[in-house]
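S.K.: Could you have a look at this structure, given as structure tokens, before my questions?
The values are calculated or read from the model by the stated rules, or taken from the named source; none is laboratory data. Computed from a predicted structure; not experimentally measured. Every residue, glycine as well, gets a Cβ built from its backbone with ideal geometry; the counts of neighbours run over all protein chains shown.
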Amino acid sequence: MSHHIIELEDIHYSYPDGTPALNGISCRIVHGESVGIVGANGAGKSTLLLQINGILVPTRGKVRIGEVVLSKKTVKELRRRIGFLFQNPDDQLFMPTVFEDVTFGPLNLGWTPENVEQAAKKALEQVKCSGLKDRPPHKLSEGQKRSICIASVIVMDPDILVMDEPSSNLDPRSRRQLIQLLGTFQHTKILATHDLDMVTELCERTIILNEGRVAADGPTAELFSNERLLEGNGLERPLSMQRPHLRVSV
């Protein structure tokens, strides 16, 4: 399934004011992989995700999805293969009801009303939000909004799922439900986050960014066990991998 493969070749990007954000990133992500993208604030995580989706175009280098190189001519085609979850759900939900948000994408692609309704119902069932279909999105909890955003993405049946800080602003229960939900998806998943415990649970591979460069790329458990590597890149070991403090009896 070559169309599920993402290749980044020497990606550079500078913002319009000249601020460099990415400085020569190269990597390859293959079908079915779940990859965490981590790093301190300003490391380039969100900017990198926006390159993959074509919202930002590299100053230099190539983004390739399968056999297709990302360009102005191919961006619409490639976005159909990539489901993108923004950091802020309110940037993604804009219709009067949940059902209208979930059906927006398929309708704009010209799907038949019957296929749209069937796909939307299935997507809402997958995220366990069927009962919310007539609710206004702005009246939902953060966890519910996040689930509806995921439904609006998976309804398009993307090959690749790209997520920017999916667990931000979620309470512990909503975060746990999100991890369980994402764990059921067979998509190629790319997850940029500060939540290293989430990466530990969902991603066998992690890429650490530092100042727009790849500082490390390898098995998640191996990288997260390397305290010197983490500290050198402004990170700390996930709580799940930290030794509990010894209790002193008195």
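S.K.: Could you give me the residue pairs with C-beta distances under 9 Å whose first residue belongs to region 65-82 and is at pLDDT below 90, whose second residue is of a type in the set (A, V, I, L, M) and surrounded by fewer than 13 Cβ atoms within 10 Å (Cβ to Cβ) wherever it lies, and which are 6+ apart or on separate chains?
M.R.: Gly66/Met1; Arg80/Leu109
S.K.: On to the next question. If you check Glu204 against the conditions, is it over 27 Å from Leu78 (Cβ atoms), touching a residue at least 40 places away in the same chain (Cβ under 8 Å) and touching a Pro at 6+ places or on another chain (Cβ under 8 Å)? Before you say what the answer is, go through the steps one by one.
M.R.: Working: over 27 Å from Leu78 (Cβ atoms): no; touching a residue at least 40 places away in the same chain (Cβ under 8 Å): yes; touching a Pro at 6+ places or on another chain (Cβ under 8 Å): yes.
No: the conditions fail for Glu204.
S.K.: Based on what the data block shows, is Ala21 in a loop (DSSP other than H, G, I, E, B) and within 21 Å of the chain's Cα centre (by Cα)? Walk me through how you get there before you give the answer.
M.R.: Details: in a loop (DSSP other than H, G, I, E, B): no; within 21 Å of the chain's Cα centre (by Cα): yes.
Judged against the criteria, Ala21 is not a match.
S.K.: Continuing with the same structure: Please enumerate the residues belonging to region 121-135 that are of a type outside the set (Asp, Glu) and in a loop (DSSP other than H, G, I, E, B).
M.R.: Matches in region 121-135: Val127, Lys128, Cys129, Lys133, Arg135.
S.K.: Okay, next question. Is there a residue being surrounded by fewer than 18 Cβ atoms within 10 Å (Cβ to Cβ) and in a helix (DSSP H, G or I) anywhere in region 140-163?
M.R.: Within region 140-163, one or more residues are surrounded by fewer than 18 Cβ atoms within 10 Å (Cβ to Cβ) and in a helix (DSSP H, G or I).
S.K.: At least 2 residues that are in contact with a strand residue (DSSP E or B) (Cβ under 9 Å, 6 or more places away or on another chain) and buried (at least 18 other Cβ atoms within 10 Å of the Cβ) in each: list the helices (runs of 4 or more DSSP H) lying fully within region 34-120 that qualify.
M.R.: Values: elements: 45-52, 75-79, 98-108.
Where helices (runs of 4 or more DSSP H) fall fully within region 34-120 and carry at least 2 residues being in contact with a strand residue (DSSP E or B) (Cβ under 9 Å, 6 or more places away or on another chain) and buried (at least 18 other Cβ atoms within 10 Å of the Cβ), they are 45-52.
S.K.: Being modelled with pLDDT under 95 and under 14 Å from the mean Cα position of the chain (by Cα) is the requirement here; does Leu181 meet it?
M.R.: On the way: modelled with pLDDT under 95: yes; under 14 Å from the mean Cα position of the chain (by Cα): yes.
Here the answer is yes, as Leu181 does meet what is asked.
S.K.: Taking region 171-204 only, how many residues are surrounded by 19 or more Cβ atoms within 10 Å (Cβ to Cβ) and not in a helix (DSSP H, G or I)? Full working, then the answer.
M.R.: Kept after step one, since they are surrounded by 19 or more Cβ atoms within 10 Å (Cβ to Cβ), are these residues of region 171-204: 175, 178, 182, 187-193, 195-196, 198-200, 202-203.
Right, trim to not in a helix (DSSP H, G or I) and you get 187-193, 195, 203.
The qualifying residues number 9.
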